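As structure tokens, the structure follows; a few thoughts come after it.
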Amino acid sequence: MKCRATYARPQEPVLYEDEMDVHLNPKIGPDWMLPGQRREVVTPGNNRKQYVAGALDARTGRLTWVKGQRKTSALFIDLVRAVAAAYPKAKRLHFILDNAATHSSKVTQKALAALDGRVVLHFLPPYCPEGNRIERCGGTSCQRHP
């Protein structure tokens, strides 16, 4: 996989793909209060989330992403379509990704077949986050990407 990413060509981009949960509730952290008093923290009661799927171009560092209400095959398919639209001249799009069920579901296979072999999936070994460069983008490190 490293070799494929190193020798990526503009006409066949290599992209690292991953999904992540974005927690929408405010974070609770340390706060100052008078001695002997306790601050009341109001919480919403349920954990609100948004889901983001992204693809990081191994050669250029360009980040393409989509968001959704759930982490499903539809979210992954939306990302693949967004990447295909962002790279209209690419002969093939190579995705390096983990083994999530959404990446190989029947719905996903049908959607990829509709792209006439333009999308090639390269699955990483199980438990291999170091092989996927976008795994490191979950925090603030991706804020510099457009």
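In the range 50-128, which chymotrypsin sites (Phe, Trp or Tyr not before Pro) are in a loop and have at most 11 other Cβ atoms within 10 Å, using DSSP for the loop call? Don't skip to the answer; put the middle values down first.
Working: sites: 51, 65, 76, 95, 123, 127; in loops: 127.
For chymotrypsin sites (Phe, Trp or Tyr not before Pro) across the range 50-128 that sit outside H, G, I, E and B with at most 11 neighbouring Cβ atoms in 10 Å, the list reads 127.
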> Which lysines does residue 67 reach when only Cα atoms under 26 Å apart count, and residues fewer than 8 places away in its own chain are ignored?
Replying inline: 27, 49, 89, 91, 106, 110
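For the pair residue 99 and residue 33, what calculated FRET efficiency results from E = 1/(1 + (r/R0)^6), where r is the Cβ-Cβ distance and R0 = 35 Å, to the nearest 0.05? Numbers along the way, then the final one.
Values: r = 47 Å, r/R0 = 1.34.
It comes to 0.15.
Each reported figure results from applying straightforward, stated rules to the coordinates on display, with no laboratory input. Keep in mind that this is a model prediction, so the values were computed, not measured. Heads up, the Cβs are rebuilt from the backbone with ideal geometry, glycines too, and the neighbour counts pull from every protein chain shown.
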